[in-house]
1. Which pairs have Cβ atoms under 6 Å, sit 6 or more apart or on different chains, and link a residue in the stretch 116-129 that is closer than 16 Å to residue 98 by Cβ and open to solvent by 20 Å² or more (accessible area, probe 1.4 Å) to one that is among the aromatic types (Phe, Trp, Tyr) and at pLDDT 95 or above?
2. How many residues are over 19 Å from residue 119 (Cα atoms) and not in a strand (DSSP E or B) when one looks only at the stretch 41-55?
3. Can you find even one residue in the stretch 92-106 that is aromatic (Phe, Trp, Tyr), part of a strand (DSSP E or B), surrounded by 14 or more Cβ atoms within 10 Å (Cβ to Cβ) and at pLDDT below 95?
4. Considering every residue within the stretch 27-35, establish whether at least one is farther than 21 Å from residue 198 by Cα, at pLDDT below 90 and either touching a strand residue (DSSP E or B) at 6+ places or on another chain (Cβ under 9 Å) or open to solvent by 20 Å² or more (accessible area, probe 1.4 Å) (or both).
5. Collect the residues in the stretch 140-164 that are of a type in the set (Ser, Thr, Tyr) and either in contact (Cβ under 8 Å) with a residue 60 or more places away in the chain or surrounded by fewer than 16 Cβ atoms within 10 Å (Cβ to Cβ) (or both), keeping them in residue-number order.
6. In the stretch 165-188, which residues are open to solvent by 50 Å² or more (accessible area, probe 1.4 Å) and under 18 Å from residue 116 (Cβ atoms)?
7. It is to be established whether one or more residues within the stretch 59-70 are assigned to a loop (DSSP other than H, G, I, E, B), touching a strand residue (DSSP E or B) at 6+ places or on another chain (Cβ under 9 Å) and surrounded by 14 or more Cβ atoms within 10 Å (Cβ to Cβ).
8. Please count how many residues of the stretch 53-105 are without any contact (Cβ under 8 Å) to a residue 60 or more places away in the chain and either among the acidic types (Asp, Glu) or at positive phi (or both).
Amino acid sequence: MIRETNFGRTYTLAIKPDPDSNAYTSLPLPQHIDLPTRECPPGLQFLFCRENTTTGGEGLYTDGYRVAEDIRREEPEHFQALSTIPWTYNNRAKGNSYKASGPVIELDDAGQITGIRYNTWLRSPFVGPLEMHDKAYRSYRAFAARAHDPAYQLKVTYRTVELFAFDNRRALHGRKGYDAGGGIRFIEGVYSDRDELNSAIRALDRQPAGG
């Protein structure tokens, strides 16, 4: 089931004359999740490449859970800050204004990672006790350093008629810049939620073998 957002039921990654997102430009994009401005960001994202003849623009993907677990093991003080200190994210356009808060690393009651909320250009300045500012920003920079480290990244070339699907609350994604005048780049995207996938898996598990 498609989850509609302020970008519509579907969206097209193409250059717009008056963009309301950096995604609608040819600029490189740093690693991020989409829509951290929502109380619950979409769990799934699908990108279908209808046509791509431009140079550059490769997708860059990072396993946010791997980054978080490495920080938990190697920099426990940063992990504690990243999983408890809330950051606020804003997205304002002509017709809407979205705002939500949460820690960079989301945990369940057992301490297991359930999501990542990270997007540098939608992040508001930290608001909190003055003595918390240094800790908050140092831990955020520690996460950013790993998120943008090529050692954690998978590079993807978007090829015509290929579909790329990923967990938006786990996989950080970005891209290299591309030559907007050197070809056609037409990539369509939709969001859905983990609930829909988990429901489908459970329904399939109920079916008898060979049914």
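The values are calculated or read from the model by the stated rules, or taken from the named source; none is laboratory data. All figures in this text were calculated on a predicted structure; none of them were measured in a lab. Here the Cβ is made from the backbone with ideal geometry for all residues, glycine too, and neighbour counts use every protein chain on show. Heavy atoms of the whole protein, side chains included, go into the accessibility calculation; ligands, DNA and RNA do not. Shrake-Rupley method; radii C 1.70, N 1.55, O 1.52, S 1.80 Å.
1. 122/89; 123/87; 123/89
2. Selection size over the stretch 41-55: 3.
3. At the first step, the residues of the stretch 92-106 found to be aromatic (Phe, Trp, Tyr) are 98.
In the following step, the residues that additionally are part of a strand (DSSP E or B) were identified as 98.
Filter once more, keeping what is surrounded by 14 or more Cβ atoms within 10 Å (Cβ to Cβ): 98.
If we keep only those that are at pLDDT below 95 as well, we get 98.
Checking the stretch 92-106: at least one residue is aromatic (Phe, Trp, Tyr), part of a strand (DSSP E or B), surrounded by 14 or more Cβ atoms within 10 Å (Cβ to Cβ) and at pLDDT below 95.
4. Scanning the stretch 27-35, I find at least one residue that is farther than 21 Å from residue 198 by Cα, at pLDDT below 90 and either touching a strand residue (DSSP E or B) at 6+ places or on another chain (Cβ under 9 Å) or open to solvent by 20 Å² or more (accessible area, probe 1.4 Å) (or both), so the answer is yes.
5. Kept after step one, since they are of a type in the set (Ser, Thr, Tyr), are these residues of the stretch 140-164: 140, 152, 157-158, 160.
Passing the criteria: 152, 157, 158, 160.
6. 165, 170
7. Within the stretch 59-70 (the criterion being assigned to a loop (DSSP other than H, G, I, E, B), touching a strand residue (DSSP E or B) at 6+ places or on another chain (Cβ under 9 Å) and surrounded by 14 or more Cβ atoms within 10 Å (Cβ to Cβ)), the answer is no, since none of the residues qualifies.
8. Result for the stretch 53-105: 2.
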